[in-house]
1. Can you give me the ranges of the helices (runs of 4 or more DSSP H) entirely in region 149-241 with at least 3 residues that are modelled with pLDDT under 95 and assigned by TED's automatic domain parsing to the domain that holds residue 367?
2. Within region 355-373, can you find the residues that are touching a helix residue (DSSP H, G or I) at 6+ places or on another chain (Cβ under 8 Å), within 19 Å of residue 434 (Cβ to Cβ) and part of a loop (DSSP other than H, G, I, E, B)?
3. Condition first: in contact with a strand residue (DSSP E or B) (Cβ under 6 Å, 6 or more places away or on another chain) and at pLDDT 95 or above. Can you find one or more residues in region 422-430 that meet it?
4. Give the residues of region 279-323 that are farther than 22 Å from residue 430 by Cβ and at pLDDT 95 or above, sorted by residue number.
5. If you take the residues of region 391-406 that are surrounded by fewer than 23 Cβ atoms within 10 Å (Cβ to Cβ) and over 17 Å from residue 468 (Cβ atoms), which of them is modelled with the lowest pLDDT?
6. Criterion first (surrounded by fewer than 20 Cβ atoms within 10 Å (Cβ to Cβ), under 18 Å from residue 449 (Cα atoms) and in contact (Cβ under 8 Å) with a residue 60 or more places away in the chain) does residue 364 satisfy it?
7. From the list 292, 297, 306, pick out the single residue that is part of a helix (DSSP H, G or I), touching a residue at least 60 places away in the same chain (Cβ under 8 Å) and within 23 Å of residue 225 (Cα to Cα).
8. With the condition kept exactly as written, say whether any residue in region 173-183 is under 21 Å from residue 254 (Cα atoms) and surrounded by 14 or more Cβ atoms within 10 Å (Cβ to Cβ).
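The values are calculated or read from the model by the stated rules, or taken from the named source; none is laboratory data. Source: prediction; values computed, not measured. Glycine also receives a Cβ, built like all others from the backbone with ideal geometry; neighbour counts cover every protein chain displayed.
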């Protein structure tokens, strides 16, 4: 929800006038230059604490009167209306605020910041209904403003979420001109991407042939990890649109997520860098991602061979997670990360993972489980960068390093990856992969809980993993855990019955 401190109204004037020379306080109302000097002097005295309480109010009222006299002769001066709006807001004169802010946005509909401050005044007063009215008025003048739609959605989510869907439906007027629904969807994708997908499906039914609708719907699907669905929508676009740099990048991204590395690389490498000179953000992403696309393509064949070989073996442990009532099965790499796998299995057997939340989820990247309570007493020696280390693909399971600058230690906090991450190769401890249920992983929301975890297959003899205790010594996990249990028992009340 949009909130602006009450002090920001005065600070806006500071930013507007800070560069002006100071002059004695003298309100003549005859010229803008004199008005600026007066405002600058008043603001300086307020900042220095010389004007407080009633004296501050009196000075601001006198400044407002001078501004009104100036506006009577110069009604088209946006700067003066902005000053008037800020003063009225500080003085709590809402009728004056509305008139002044309305004048600013009518003179210059692109002054979105002034409109947002207008709405924020009422948000700060906890009058969200009035804030929504203001934003609605502003959207009538500037119906494709993403900032206005973002503020409207944020405010409606707090005030009354039931307002959002009917508001969206009212925008669907002319299927041949979907610019306003597209602006709404773009803002909605930033605030509630999952709900935005529902609205996107409705938009596709309403305007199925408009290419801009297909693009925004595909972006929404990609933003909720529905990569194959997004790619399917994109492939219905005409070639001249699909080959646009930003659309080609999106298409490559969706294919890359599901390990179609050759096609993803071909699409991205074909993007004309000269065509994106005016898009520095896209150019930076291309320069970063293209080598990673190539790296994933080069290592994928080895990964596929290893997966095929291990699928016919019974050596690797298997684990079943239950998330949102659905099973997710993991294969653990006992040969490539033996100590990490042993520690994961030992922690699972103690029940330390069950019931933990996935408190750090980045859609399109990974879901990280919270750290088990007992794990703060030790770390694990890293198995990063050894010759057998596996690489990061969709479905990779990895332990977190204790500190990003020190790869020698890892902890018991693990992540499930939604998307290939070759930039983490040899920087994080890969110890398994999702063999089934990746869609469940990709559909996770912040705070989802690991309802249960079950070891399906494990070595006949459990391995006692090596950990690093708080003193930096390498010891068997069973010894460290026994010491923790003994300390816990010794602290109990011996007089209990």
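1. none
2. 363, 364
3. Within region 422-430 (the criterion being in contact with a strand residue (DSSP E or B) (Cβ under 6 Å, 6 or more places away or on another chain) and at pLDDT 95 or above), the answer is yes, since at least one residue qualifies.
4. Hit for region 279-323 is 322, nothing else.
5. 404
6. It is false that residue 364 is surrounded by fewer than 20 Cβ atoms within 10 Å (Cβ to Cβ), under 18 Å from residue 449 (Cα atoms) and in contact (Cβ under 8 Å) with a residue 60 or more places away in the chain.
7. 292
8. Looking through region 173-183, at least one residue is under 21 Å from residue 254 (Cα atoms) and surrounded by 14 or more Cβ atoms within 10 Å (Cβ to Cβ).
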